Structure formats: C-alpha cells, structure tokens
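One structure below.
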Amino acid sequence: MANDSNDNDKNKPRGMKKGLANYGDQGFSLFLRKAFIKGAGFTDNALDRPVIGIANTGSGFNPCHGNAPQLIEAVKRGVMLAGGLPVDFPTISIHESFSTPTSMYLRNLMSMDTEEMVRAQPMDAVVLIGGCDKTVPAQLMGAASANIPAIQLITGSMLTGAHRGERVGACTDCRRYWGKFRADEIDGEEIAAVNNQLVASVGTCSVMGTASTMACIAEALGMTVPGGASPPAVTADRIRVAEQTGAQAVQMALDGLTIDKILTPASFENAMRVLLAIGGSTNGIIHLTAIAGRLGIDIDLAGLDRMGRETPVLLDLKPSGQHYMEDFHHAGGMATLLRELKPLLRLEAMTVSGRTLGEEIDRYDAPFEQDVVRKFADPIYPQGGIAVLRGNLAPGGAIIKQSAAHPKLMEHEGRAVVFENSEDMANRIDSDDLDVTADDILVLKNIGPKGAPGMPEAGYIPIPKKLARAGVKDIVRISDGRMSGTAFGTIVLHVTPEAAIGGPLAYVQTGDRIRLSVANREISLQVTDEELARRAAAQPVIPPTAERGYRKLFLQSVTQADQGVDFDFLRAVRTTGKAPE
Ligand code: FES
C-alpha cells in the first residue's frame, strides 16, 4: 500500500462523518458541520447519503473545460439517481495557452490542490472533471496519493471547423497554417481567417495531442466508464457519460473500490500499450511516470521501448494520421481500439466498473466497418509511435515520436547549431545571417524541468525562416524540453539530464557532430568524454534557484523527465512495482 488511507475499511466514518474538524469533541464537530451545510438548505436525509465530491475545474480561462457546468449537472443527476449526495468543489484549472511560464509548471500544484482537497473534505468518492493537457494527469496524481474511490470524467474534444472548404482543428492545423504564414505562403488576412475556425467549440484539442492522449490513457487505465474517452464535449454522448460517471461513483463508494485497486502495474502496462498504439503524445510518458510514481510504481523506459517494437500504431488521427477525435468517436472510440489490441493487453486489470478490462471488452457492441482504427495486420505505422533513445548526449534517456518524424531523417548525422536558451533562439532563428543548412541539427538548451522552468513545449523548434522559405519542411531538432502532442517533425525531446543541471547537453557547441539513429535507439555527441569534461570545468553550470514562493519549491523539488517531473516529496515513499512487469 503506497498511501496512508484505505476507504475499504468498513469501520471508517463515511459521508458527512468523515474527516471531522478537530475541536476535541467529535460529536460537536459533526453538529457544527451539519449546521453549516444545512444553511445551504440540505435535509438530514440528504446528508445521510454517500457523499460524492465533484472536482469542478470550470474556469473562464479554460475553454477546454467550457462544458463543465453541463457536465456537473449530469454528474449530479447520476449521483442522485444512484442514491448519493453530489457536492462539487473548485480546484485549480490549467489551460495550455493561459499558463505562464508553462502549464507544466503548474501541473504539480494542481495535483497537490486536488490531493489535499480530496483528503480534507468529507467525500466517499470523487469525480474528477479534467480535459486540457495537464488537468487529467494532475487529477490522477492527486487522487492516487489521496487513495479514495475516484473516477475520471473527460470534458471531451472540440468540434472541427472549416477554412475555405478544408477541415481544420486545433492544434496540428494551427501549426501547419502558421508554418505556411512564416514561409510567406499565405498572407495576414488568411491567417486571421483561419484563426476563427481552428477551435470550433469548447472542448479539448481535436487531434491526438496530449489531451486526447490522456483521455485514451485514462480509459485504458480503467479510470473512466467504458467509452469515456472519445465523445466530443458538446454531444449528448458526453453528457450521458457524465451521468453514468456520477452513478458509478456512488457504486465505487459503496464497494470501497479505491484507486490503488485500479492503478496497478497491469493497468499502467495497458496504458503504455495504448499510448504506443494511438501514436500518442510524448507528454503521455512523463505524465504516466508521475501518476505511477504516486503509487510507488516505476515506469520502465526500456520496457516501453520493447513494447513499442511489437505495438503498431493503429489509430489514424492527426498528427500521425489524418482523422480527428470526433471521427474516432464515430468509429466506436476506445472499444474499437482495445478490441484490436486485446491480445497484447493485461485483461485482468480492474476498472472503475468493478469489472476487469477483459470483461469490459467482452461486453462491447459488435464491431463494424470503419476507417479510423486500423486492423492489427494493416497498421498506419508498423511500430509504436514513441522510441526511447540513449547515448552520451542523454545518459538518462531521450525520446522521439517516430510516427510523426520524417523517415529520411531518422538515421542522420549532422553539425550542431546551438541555441543556449529560448531567448537566444527567438533572437536568431529567423535571422538571414544564421549559419544553418537543412542537414544541420538544431540544439536548444535550458528548456528542461528546471531550465525554463517547467519544461515548456518549446522542443518544437521552428524551421529557421530562411530554410522554410526554401521549402524545408523538417530538420532534426534536439532539446531537453517537451513538445505538444499536436506537433510533428524529427524532434528529439526530454534529453536527460537537462542542461540546467549540467547534463552533457549543456556542453554541446555549434559545430559539434551529433548522430541520431532511431533504428539503433542512439543519440550521441561525437565529442570525447575528455573534451566534455574540459568544457564542464571551464564553464561549470550553476542550477537555477529562486528566493521565495512556489518557484522556490519547484526548483528545489522537481525531478527529471525520467522521474515524471513530479516533486520528489510527492512520490510514494516505497517502490511497489514496475510497469511493464
Ligand atoms: Fe486544452 Fe489543447 S489547449 S486541450
């Protein structure tokens, strides 16, 4: 047991009697609590029911959660139909475009908020409403540490729009059109017109970015009701899922189905399998590592790479393929995918329904003809979307999303063109004086967990303008940062250890030769150890610090990418297992 609470204990106080404030007189504490909540008009009959907390992450700054009011209403309906008392409460909400310096900087804060409010308030189960990239991982991390019955409700993807007859959606098409604008292929008027169409409704990004990845992963982990990943935000299906989620939460509370019974090495293995098969966001690995760490489970990157060699990409969604999330939903969603992946799954893994994943797959409706989820024998890409690289440039590992990379560049040696940090890159990348060719390798330092800080999604280094104008569409890029799941290109990410703490990346210089071989899982700097040591001694790296506040906590405590970029003190105290086993 990784955590210090277990709601399966039948003698523990439940509902409103749970976690009473400590005045030295428990009877008085309950008397006082009831008096206050009755001020909101509740009856004793209502207050005797199992209490289902609903983490309300609606926010005017988070359009990806813009349907939160409707979802909460439906969850409440489901809870009450099943005999429970729903109580919603606010937590932090994070949107990718409204979080400085980066949403990742705030993920751990949201996880702490979720954990502590779930612990502090009297609930027998919690419904976690999340959707935008960092929210689902933050909620699963927090709930895993709080270890009560918990169920994830995804807000759902946005609808797609259309620009001059062409279907568009955030955010792969955002990048594609911005690339055209940078290359002077379209003018200011057209890029403004596209801006109106990319996000056609509330909800999360409509391609296989991090939000969709985490939605699929949440279902693969067994943390959503069956079919909970794919319904778009504004559909009746999504609202029905919300109602089912509320009802299921009551059942979980009655059964004492705590999250540690669902999040096991087997379920993490299923999530890794799905991550590979959907061509999911590279961010998914970091988040899975962090969630698993809360339960003392290590994600084995070498194991992930082995799984990748036997797991084809089956989902034909952008950026690896051509469809959008709503198409995946129309194609049957995760039921279609999991049915196809069944021989590779750990079918004994438990789910929020109280049934195993294998039992759920056996209950799915009959398959039908569709063209979004490929057959195992006819994949969109023969191997898993993500490969794990090692070498003297990344002793702790690095990753590449090979399904979104250019096949020709995956075996490449080139001259490093180095940017010391994001500011240096912004100042020089579009200069006509930049000494760069399409055969070079762009290296960006100091965008790792401590470097930026918060490991921003700046690993998608733009093609230098002079190359873009010449028609170059891809170039090898390397950094210690992350990349949006909606991005594409031959991009090496999560180089560990990062430059800001003195990883080898810190000492790369323009003109060095770098070799990338995805086939050999290699990322190496053609510079001797002696020369690297000489450079380190000549200009030692001093890790960043801060004087106060959350930034101080962050810089003191954040771990590297291979540890999930969680805070070291939030991981479970003891290691309990690893995935894959
Ligand atoms: Fe929220 Fe993409 S910005 S999911």
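The values are calculated or read from the model by the stated rules, or taken from the named source; none is laboratory data. These figures come from a predicted structure and were not determined experimentally. Reconstructed Cβ throughout: ideal geometry from the backbone, glycine too, with neighbour counts over all protein chains shown. Accessible surface areas use protein heavy atoms only, side chains included; no ligands, DNA or RNA. Shrake-Rupley method; radii C 1.70, N 1.55, O 1.52, S 1.80 Å.
Other residues lying with their Cβ under 14 Å from the Cβ of ASP566 contribute a combined charge of +1, Lys and Arg counting +1, Asp and Glu -1. Straight-line cross-link reach from LYS12 at under 30 Å between alpha-carbon atoms covers these lysines, not counting any fewer than eight positions away in the same chain: LYS34, LYS38, LYS76, LYS261. Annotation for region 200-222 versus region 551-581: alpha-carbon center distance of 24 Å.
Neighbours of HIS329, meaning other residues whose beta-carbon lies under 10 angstrom from its beta-carbon, give a summed charge of -2 when Lys and Arg score +1 and Asp and Glu score -1. When the P(r) is computed for region 39-88, the part past 14 Å accounts for 56% of the Cα-Cα pairs. Measuring nothing but alpha carbons in region 417-535 and taking Rh as the Kirkwood radius, the Rg to Rh ratio lands at 0.94. Taking the empirical scaling 2.2 N^0.38 Å for compact globular proteins as reference, region 400-485 has a Cα radius of gyration ratio of 1.05. Taking every alpha-carbon pair within region 457-521, the share separated by more than 14 Å comes to 65 percent. Once a ≥ b ≥ c are taken as the square roots of the eigenvalues of the Cα gyration tensor of region 488-572, is the result rounded (a/c under 1.5), prolate (a/b larger than b/c) or oblate (a/b not larger than b/c)? Cα axes put region 488-572 in the oblate bin.
For region 14-28, the Karplus equation 6.51 cos²θ - 1.76 cosθ + 1.60, evaluated at θ = phi - 60°, returns couplings of 10, x, 5, 7, 7, x, 5, 4, 8, 10, x, 8, 4, x, 5 Hz by residue, with Gly and Pro reported as x. Computed with the Debye formula from one identical point scatterer per Cα of region 97-243, without solvent, the log10 of I(q)/I(0) at q = 0.13, 0.17 Å⁻¹ comes to -0.65, -0.96. Averaged per residue, region 67-126 has 38 square angstrom of accessible surface, using a 1.4 angstrom probe with ligands and nucleic acids left out. Summed over the residues of region 206-306 and divided among them, the accessible surface reaches 17 Å² per residue at a probe radius of 1.4 Å. Relative to the globular-protein estimate of 2.2 N^0.38 Å, the Cα radius of gyration of region 305-438 stands at 1.44. Run the lone-cysteine check on the chain: no other Cys C-beta under 4.7 Å from the residue's C-beta. CYS205, CYS216 - these cysteines have no disulfide-compatible partner (Cβ-Cβ under 4.7 Å) in the chain. Straight-line reach from LYS408: taking Cα to Cα under 14 Å and skipping same-chain neighbours fewer than 8 places apart, the aspartates and glutamates in range are ASP439, ASP440, ASP474.
For the chain, the fraction of 1.4 Å probe accessible surface lying on carbon and sulfur atoms is 52 percent. On a per residue basis, the convex hull of the C-alpha atoms belonging to the chain measures out at 156 Å³. Note on LYS134: lysines with a C-alpha under 19 Å away, same-chain residues under 8 apart excluded, are LYS450.
If you take all other residues with their beta carbon under 10 Å from the beta carbon of ARG346, and give Lys and Arg +1 and Asp and Glu -1, the sum is -2. Counting only the Cα atoms, region 5-142 fills a convex hull of 128 Å³ per residue.
I need the shape label for region 169-302. Rule: rounded when a/c is under 1.5, else prolate if a/b > b/c, else oblate, with a, b, c from the alpha carbon gyration tensor. Since a/c reaches 1.5 but b/c is at least a/b, the shape of region 169-302 is classed as oblate. Accessible area per residue for region 322-439 is 47 Å², calculated with a 1.4 Å probe on protein heavy atoms, without ligands, DNA or RNA.
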